[in-house]
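Okay, structure first, notes after.
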Amino acid sequence: MSPDDEAFREEVRAWLADHLTGEWAALRGLGGSGSGHEAYEERLAWNRLLAEHGWTCLGWPVEHGGRALSLTQQAIFHEEYARADAPGTVNHLGEQLLGPTLIELGTDEQKARFLPGIKAVDELWCQGYSEPGAGSDLAAVSTRAVLDEAADEWVIDGQKVWTSWAHEADWIFVIARTEPGSSRHHGLSFLLVPLDQDGVEIRPIEQITGGSEFNEVFFSGARTPAGMIVGAPGDGWRVAMALLGFERGVSVLGQQVAFERELDDLIDLARSNGTIDDPVIRDRLAAHSAEFEVMRVNAVRSLTEATPGADNVAKLVWAGWHRRLGELAMEVCGAGALTAASSQIEAVEATYDLDRWQRLFLFSRADTLYGGSDEIQRNILAERVLGLPKEARG
Ligand SMILES: Cc1cc2nc3c(=O)[nH]c(=O)nc-3n(C[C@H](O)[C@H](O)[C@H](O)COP(=O)(O)OP(=O)(O)OC[C@H]3O[C@@H](n4cnc5c(N)ncnc54)[C@H](O)[C@@H]3O)c2cc1C
């Protein structure tokens with residue numbers, strides 16, 4: 001850390017200490033794993049406050065409204081943010097994924113139209129990639145888009161699924177097939193589509209946690225102007241992959257700090273309920289702490305070294321670690337973890353109320369799926385990094 005970096009750390013710390021007070025103090029710790037429903041509107045307002053004070057889009061170039069901060073300083077921000085127990089933000093998809101993609105591949109008009117709204121957290125985005133027949137095998141998407149030349153608009157038909165936060169979003173970025181008869185990754189386009197229109201229907205999917213963070217999204221003659229295409233028609237696969245390249249960005253370091261807090265809190269719980277005296281639990285907590293250090297090194301390595309496959313290894317390691325943390329939490333909680341208080345919570349549309357550890361356990365089952373499942377990470381490592389024979393494709 002240079003003196004400038006240390007000064008920056010102090011600046012972040014001081015700002016958070018000054019602002020996570022009063023009404024905002026109640027948001028500390030909210031909106032974590034599996035708890036995205038918690039105080040959503042308040043966290044949106046907090047995210048806008050961050051934006052007003054220049055704490056969003058830290059790595060974006062200055063000409064696009066960012067601060068062009070170094071990787072180190074962005075990491076410092078995320079570390080301090082997690083350390084202060086500041087609430088989960090709501091604009092990850094716009095800020096971390098679509099914004100950088102538009103900066104790299106969007107037209108000047110698209111940058112001018114969309115980047116300010118993302119930066120200010122005025123327009124929220126969701127990701128329309130997965131479909132019932134296309135998840136790990138994304139190139140199998142069958143949602144279609146046709147250019148209506150008279151209206152100068154794309155007309156979209158098809159279905160997306162597992163679309164996180166579509167019910168709160170204003171826009172969706174969609175991979176659609178625009179060249180009839182094309183297959184696999186050819187003939188796809190990357191379209192920006194407004195959600196508030198008659199041709200779009202959003203149906204929430206209830207999760208095992210009782211919440212509904214993701215949705216099915218149906219397009220029936222949905223429309224978007226012809227200029228709302230990123231990259232050339234038929235070249236959408238390249239854009240879609242560029243966007244995924246931003247997925248495992250610098251915010252993973254903040255995630256590490258959040259994981260460390262969860263582990264520390266679980267150790268505190270084991271101390272307070274006496275399970276730490278059980279040699280098996282004690283051993284597993286110790287092993288988890290040691291693995292945490294390995295995971296941290298992997299995360300830093302994936303950001304700082306151009307080692308092929310480092311980010312796939314990092315994803316495999318953190319997803320498995322976090323899922324097993326959820327399992328260990330249930331062991332530490334004991335038999336009481338099998339029951340939940342009965343209640344009717346409007347926000348999560350559930351008839352039972354889970355505590356923090358139950359929520360962590362259930363939601364962390366998803367860690368080894370989203371962002372590329374474990375099996376897919378291993379396939380990538382085997383085929384693209386180790387050069388092993390490719391698996392047979394059906
Ligand atoms: C919490 C959460 C949020 C999500 N949010 C979004 C979102 O906002 N937008 C979006 O577009 N998608 C989203 N997804 C979807 C996610 O990208 C997919 O779940 C993921 O790509 C896997 O696809 P699938 O669910 O269709 O499973 P499948 O692809 O059907 O996989 C099922 C199982 O088969 C295994 N498998 C598949 N192919 C192979 C293979 N070739 N070799 C070995 N094993 C294989 C997988 O590893 C998995 O275990 C989200 C998912 C989750 C869990």
Run the helix sum for the chain: -39,500 (n - 2.57) per DSSP H stretch of 4+ residues, divided by residue count, reported at 222 nm to the nearest 500 deg cm²/dmol. -13000 deg cm²/dmol
Most exposed to least, judged by fewest other Cβ atoms within 10 Å, HIS186, HIS78 sort to HIS186, HIS78
Among ALA17, ALA310, ALA84, which one moves the most in a GNM of the chain with springs linking Cα atoms closer than 10 Å? ALA17
Can you bin every Cα-Cα distance in the stretch 226-271 into 5 Å intervals starting at zero and give me the percent of pairs per bin, rounded to whole numbers? 5, 17, 13, 12, 10, 9, 9, 8, 7, 6, 3, 1, 0
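Given the convex hull over the Cα atoms of the stretch 34-166, what projected area results after averaging over all orientations, in nm²?
Details: hull surface 41.2 nm².
Projected area, direction-averaged: 10.3 nm².
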Work out the charge dipole of the stretch 251-385 with +1 on the Cβ of Lys and Arg and -1 on the Cβ of Asp and Glu about the Cα centre, then indicate which of GLY334, LEU362, VAL257 is farthest towards its positive end. VAL257
Value in Å of the Kirkwood radius, where the stretch 1-110 supplies the Cα pairs that are averaged: 14.9
If we count every other residue with Cβ under 14 angstrom of VAL161's Cβ, Lys/Arg +1 and Asp/Glu -1, where does the sum land? -4
Is the stretch 125-236 rounded, prolate or oblate when judged by the Cα gyration tensor, a ≥ b ≥ c being the square roots of its eigenvalues, rounded requiring a/c under 1.5 and prolate requiring a/b larger than b/c? oblate
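Kindly provide the Kirkwood hydrodynamic radius of the stretch 162-216 in Å, to one decimal, from all pairs of distinct alpha carbon atoms.
Working: mean 1/r = 0.0777 Å⁻¹.
The answer is 12.9 Å.
Order by neighbour count: PHE218, PHE190, PHE259, PHE361, fewest other Cβ atoms within 10 Å first, most last. Before the final figure, lay out each step's value.
Details: PHE218 17, PHE190 27, PHE259 21, PHE361 24.
Lowest to highest Cβ neighbour count: PHE218, PHE259, PHE361, PHE190.
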Return the ratio Rg/(2.2 N^0.38 Å) for the stretch 251-385, where Rg is computed over Cα atoms only. 1.19
Lysines within cross-link reach of LYS119: Cα-Cα under 16 Å, excluding same-chain residues under 8 positions apart? LYS111
For ASP4 and LYS111, what is the calculated FRET efficiency with R₀ set at 35 Å and r taken between the beta-carbons, to the nearest 0.05? 0.75
Rg (Å, one decimal) plus Dmax (Å, integer) for the alpha carbons of the chain? 21.8, 74
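For each of ASP278, ASP198, count neighbouring Cβ atoms within 10 Å of the residue's Cβ, then give the residues from fewest to most.
ASP198, ASP278
Bear in mind that the values in this text are calculations on the coordinates, not laboratory data. Everything quoted here is computed from the prediction, not taken from an experiment. When we count neighbours, we look across all protein chains shown, and the Cβ atoms used for this are built from the backbone with ideal geometry, even at glycine.
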